[in-house]
Amino acid sequence: MAVNNVKGTHDIIAEEANAFNYIENLLKQIAELFGYNEVRPPVMEYSELFVRGVGESSDVVRKEMYTFLDKAERSITLRPEFTAGIMRLIVQNKLLATNELPFKAYYVGPVFRYERPQLGRYRQFNQFGVEAVGNDSPEIDVETIALAYTILTSLNLEKVSLKINTIGDDESRENYKKALKAYFAKYLDEMCPDCHTRYELNPLRILDCKVPEDQKIVADAPKMKDFLTERARMRFDKVLSLLDEMQIPYEVDDTLVRGLDYYSEVVYEFHYVSKEGNDYGAIGAGGHYGHLVKELGGPDVSGVGFSFGVERLYSVLKDDNLLPPSLNNPVEIYVMPLGEVAKPLAMQVATELRVSGYRTDMCFEDVKLGNMFKRAERKGASFAVIIGENEVNNQEVIIKNMTTQEQISCPIEKLICKISELMGDECCDGECQCHHKEN
Ligand code: AMP
């Protein structure tokens, strides 16, 4: 019996992989425009990092981590998100002491969460994101939002909606948590078992509950905005006024709290409903974090970051026909050896073409010439290079234009010049002084 992929994972094949590369490369380029450099933390970390970093009360830590004991009985977790690992990387490598602040890093790669698989929700998926650490200003918060917004407009996802909220400073949150506890205490008996745990660990998490009956209770819960300290309110107002000045549209959503424990002050999510009406939920999300670096043994500095789900970006771009029309890489030249005797020369020719930058493939099977041409067509080749016994003896090849069907003989040493000429490339008109001719 065949073995299938693990539930909740998915294969990314050929053209789809090209689309992922297209998306990731664009995101990387834009992050670099904003002064970010790439970091690559390992996929696995000690479990304690996420328990301390992401927070014991988060669903991610309580229910969704892929955790196992290694052979030395150490508890290891496949990263369920990047931020905690990047903070560990920053602290361990003392990057805040040796770099201009904020230290700006971007990342891309797989993350793992044991969630219920459904539309746009996988157990292994890819995230792209940024972190700016070591500066506490509202300006850096807004710069990350501007970066995310630039990414979305560069992908032509203008219909995106930015939902933003503040969860205040420590004092605001303490007051708010007390008010939530007092409110939910009255309804706890009617609420789901998860909410009981959330009530004990962090009542803010109850606001994320997806159980419909609980959501009705949540709807009338006290609002964060009524518990903000003056300082936190002013900070949030500053963020909003900077967004206004930068003409970045947003919608304040006072129910938004985000599912990871490390956030403080401003939090945000980008939502997108495709033309087909598919709602993929948040395609990206982020916010400011106050104590995460200190929590992980570093200095008491804050940071801000966001993360996009690459699968979600791909799905909305595909749904709305916003991917570039051609994302496959057709072979340009197909080399066709006729019989065993021609194979060594065919391999040499293919190598030379590849070294010169032509996407080249070769037929390895001993099939009839007509069949080889069909294969060349299916691969989208512009030219076929045919090598039979005569060609081996004369050290030449036949070049066939797959569109016009014209064919010519060409000595091996002139092959690259001829192909360049036929492809309309600049160098090599057959008379030029390039190294191909000299060879
Ligand atoms: P989070 O780290 O939970 O803030 O998620 C950041 C982004 O990752 C979300 O906005 C989604 O685009 C994406 N994401 C989160 N969970 C999943 C999942 N299970 N499958 C696919 N994408 C996800």
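Here is the size of the range 330-438 from its Cα atoms: Rg then Dmax, 12.9, 39 Å.
Restricting the chymotrypsin sites (Phe, Trp or Tyr not before Pro) of the range 305-397 to loop positions (DSSP other than H, G, I, E, B) with no more than 15 neighbouring Cβ atoms within 10 Å leaves 364. Full extension of the chain segment joining residue 97 with residue 12 gains 26.6 nm, where the gain is 0.36 nm per residue of separation less the Cα-Cα distance.
Classify the range 43-150 as rounded, prolate or oblate, taking a ≥ b ≥ c as the square roots of the eigenvalues of its Cα gyration tensor: rounded when a/c is under 1.5, otherwise prolate if a/b is larger than b/c and oblate if not.
oblate
In straight-distance terms, cross-link reach from residue 418 covers every one of the lysines whose alpha-carbon lies under 27 Å from its own, apart from those fewer than eight places away in the same chain; here that gives 343, 368, 374, 379, 400, 437. Each of the GluC sites (Glu not before Pro) that DSSP puts in a loop and that has at most 11 other Cβ atoms within 10 Å breaks the chain; the longest unbroken stretch is 159-275. First measure r as the distance between the Cβ atoms of residue 119 and residue 407, then evaluate 1/(1 + (r/R0)^6) with R0 = 56 Å and state the FRET efficiency to the nearest 0.05. FRET efficiency, residue 119 to residue 407: 0.65.
Between the beta carbons of residue 182 and residue 25, assuming R0 = 41 Å, the FRET efficiency works out to 0.20 to the nearest 0.05.
Helix content alone sets the calculated 222 nm mean residue ellipticity of the chain: runs of n ≥ 4 DSSP H residues at -39500 (n - 2.57) each, divided across all residues, give -11000 deg cm²/dmol.
Annotation: the antiparallel percentage among DSSP beta bridges lying fully within the chain is about 80. Taking Cα centre as origin and charging only the Cβ of basic (Lys, Arg, +1) and acidic (Asp, Glu, -1) residues, the dipole magnitude of the range 330-438 rounds to 460 debye.
Counting only lysines at least 8 places from residue 275 when in the same chain, those with an alpha carbon closer than 28 Å to its own are 28, 159, 163, 210, 318. Among all stretches of the chain without exposed trypsin sites (Lys or Arg not before Pro) (DSSP loop, at most 14 other Cβ atoms within 10 Å), which one is longest? Free of exposed loop sites, the longest segment is 276-367. In the assembled protein chains, residue 3 presents an accessible area of approximately 130 Å² (probe radius 1.4 Å). Ranking 58, 161 from most to least accessible surface, computed with a 1.4 Å probe over the protein chains only, gives 161, 58. If only the Cβ of Lys and Arg carry +1 and only the Cβ of Asp and Glu carry -1, the dipole of the range 109-169 around its Cα centre is close to 640 debye.
In this label model, residue 255 and residue 189 are separated by 2.6 nm, measuring between points 7 Å along each Cα→Cβ vector. Two numbers describe the Cα atoms of the chain: Rg and Dmax, which are 28.6, 93 Å. Taking the charge dipole of the chain about its Cα centre, with +1 at Lys and Arg Cβ atoms and -1 at Asp and Glu Cβ atoms, the residue from 384, 422, 80 reaching farthest to the positive side is 80.
The values are calculated or read from the model by the stated rules, or taken from the named source; none is laboratory data. Since this is a predicted model, take the numbers as computed values, not measurements. Neighbour counts are summed over all protein chains in view; Cβ atoms, including those assigned to glycine, are modelled from backbone coordinates with ideal geometry. Each accessible area value is taken on the protein alone, full model and side chains, heavy atoms only, with ligands, DNA and RNA left out. Shrake-Rupley method; radii C 1.70, N 1.55, O 1.52, S 1.80 Å.
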